[in-house]
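As structure tokens, the structure follows; a few thoughts come after it.
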Amino acid sequence: GGVGWLVRKFGRTIDNLLGAQVVTAEGAVVTANRDENADLYWALRGGGGNFGVVVSMEFQAHPVTVVMGGLLVYPRAMAGAVLRNFREFMKTAPDELTAYAAMLTTPDGMAVVGVIPCYCGDPAEGEKVLAPLRAFGPPVMDAVQLMPFSAMQGLLAPSFPDGNHNYWKAVMMETLSDEAIDVAVGQANAAGSPLSIVVMEYYGGVAGRVANDATAFPHRHLLWDVIVLAQWTDVAETAGHREWARATARLLEPFSAKGQMLATMDVDTEDTSPAFGSNGARLAGIKTKYDPENFFRVNQNILPG
């Protein structure tokens, strides 16, 4: 679906796609938008790389120059309390505020929990909105400030350096219970790599007010995505870090809504129904129309049907 720092104000990436030029498996160049090949346009917005190669797109941009954003950092021992406060705070947050929480390790080796807000409205109003969140704890570091949106976009880049090995799992939830928080905290504390991170992403807002069948992405009603990001540098440790991520996802599964984001599914999975849900049958029909031989199959695959 495409999420980021503006998801609650302007929707998902797919909600801002106005049209695309697509090369099909047969080599035809087709235009997909609301008026031409509307079925393909619908499928592209959440169906992954199953239908063709997008060679150009028309995208709805939005004027955002500066935001109130940054990091609130707390000791890891406060993780349960911080995450519960974050959950309650976001229930009444305005659309202009997107915020995520994460359990990670600082470059100097300190295990912490962070809250990362991004307010894209009037800065003075943003100060008021964020004041209760910033007052909780209090944090050991409050780096929330007015900054260019481009700086907000790169804020977490140091946590994902080039060259790391990565293995990600994720579990979408309608609500984030105390029990799910406790499991996530316990697993974050058991991570075998200081580079590994557990993230709680909260959606809703404009993105959550789109109907589940308006695009191929069927999980508009699911507000939470807990993402388990295993990262490491030594290839010999691969099996252990992958198993940590898988085990964390298994332990969180009882709290899940049985839905997943397409990007966090293994590319070799045979069951893509958690990503497509009730839209699966319609996607299979569109796949049959545009790629009946399943040429585009090295992905989270939709079988023609």
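The values are calculated or read from the model by the stated rules, or taken from the named source; none is laboratory data. Keep in mind the model is a prediction, meaning the values are calculated, not measured. So basically every Cβ, Gly included, is an ideal-geometry build from the backbone, and we count neighbours across all protein chains shown. The protein model used for the area step is the full one, side chains on, heavy atoms only, and it has no ligands, DNA or RNA in it. Shrake-Rupley method; radii C 1.70, N 1.55, O 1.52, S 1.80 Å.
What to note about this one:
Yes/no matrix, rows are residues, columns are (1) out of contact with any Cys (no Cβ under 8 Å at 6 or more places or on another chain); (2) part of a helix (DSSP H, G or I); (3) open to solvent by 10 Å² or more (accessible area, probe 1.4 Å):
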| residue | (1), (2), (3) |
| --- | --- |
| Met200 | yes, no, no |
| Ala216 | yes, no, no |
| Glu243 | yes, yes, yes |
| Glu253 | yes, yes, yes |
| Gln260 | yes, no, yes |
| Asp271 | yes, no, yes |
| Gly277 | yes, yes, yes |
| Gly280 | yes, yes, yes |
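- Hits in the stretch 156-187 (condition: crowded, with 19+ Cβ neighbours inside 10 Å and out of contact with any helix residue (DSSP H, G or I) (no Cβ under 7 Å at 6 or more places or on another chain)): Met172
- Residue that is nearest to Ala131 (Cα to Cα) [pool: residues in the stretch 96-120 that are outside any strand (DSSP E or B) and open to solvent by less than 40 Å² (accessible area, probe 1.4 Å)]: Cys120
- Just one of the listed residues (Asp108, Asp142, Asp95) is of a type in the set (Asp, Glu), over 20 Å from the mean Cα position of the chain (by Cα) and more than 21 Å from Val198 (Cβ to Cβ), namely Asp142.
- Of note, Asn301 satisfies the criterion of being in a loop (DSSP other than H, G, I, E, B), open to solvent by less than 90 Å² (accessible area, probe 1.4 Å) and not hydroxyl-bearing (Ser, Thr, Tyr).
- Test for Glu270: is it without any contact (Cβ under 8 Å) to a residue 60 or more places away in the chain and under 24 Å from the mean Cα position of the chain (by Cα): yes
- Being in a strand (DSSP E or B), surrounded by fewer than 19 Cβ atoms within 10 Å (Cβ to Cβ) and at pLDDT 95 or above holds for only one residue in Glu36, Glu58, Glu88, and it is Glu58.
- The criterion of being among the aliphatic types (A, V, I, L, M) and either over 28 Å from Asn301 (Cβ atoms) or open to solvent by 20 Å² or more (accessible area, probe 1.4 Å) (or both) holds for Ala190.
- Residue check: Asp291 meets all listed conditions (1) among the charged types (D, E, K, R); (2) open to solvent by less than 70 Å² (accessible area, probe 1.4 Å); (3) closer than 30 Å to Ala93 by Cα but one, namely (3).
- The listed residues are Ala124, Ala184, Ala135, and the only one of them that is within 20 Å of Val226 (Cα to Cα) and not β-branched (Val, Ile, Thr) turns out to be Ala184.
- Leading residue by the ranking (nearest to Tyr290 (Cα to Cα)) among those in the stretch 6-19 that are surrounded by 22 or more Cβ atoms within 10 Å (Cβ to Cβ) and touching a strand residue (DSSP E or B) at 6+ places or on another chain (Cβ under 9 Å): Val7
- Contact map, the stretch 34-61: first residue on the phi > 0 side of the Ramachandran plot and touching a residue at least 24 places away in the same chain (Cβ under 8 Å), second residue open to solvent by less than 10 Å² (accessible area, probe 1.4 Å) and β-branched (Val, Ile, Thr), Cβ cut-off under 6 Å, separation 6 or more or different chains; pairs are Gly46/Thr215; Gly52/Val22.
- Taking the listed residues Gly27, Gly46, the one that is crowded, with 18+ Cβ neighbours inside 10 Å and part of a loop (DSSP other than H, G, I, E, B) is Gly46, with no other qualifying.
- Flag if Ala230 is over 28 Å from Phe51 (Cβ atoms), surrounded by fewer than 16 Cβ atoms within 10 Å (Cβ to Cβ) and either at pLDDT below 95 or not basic (Lys, Arg) (or both): no
- Test: residue in the stretch 141-155 that is open to solvent by 70 Å² or more (accessible area, probe 1.4 Å), at negative phi and assigned to a loop (DSSP other than H, G, I, E, B): no
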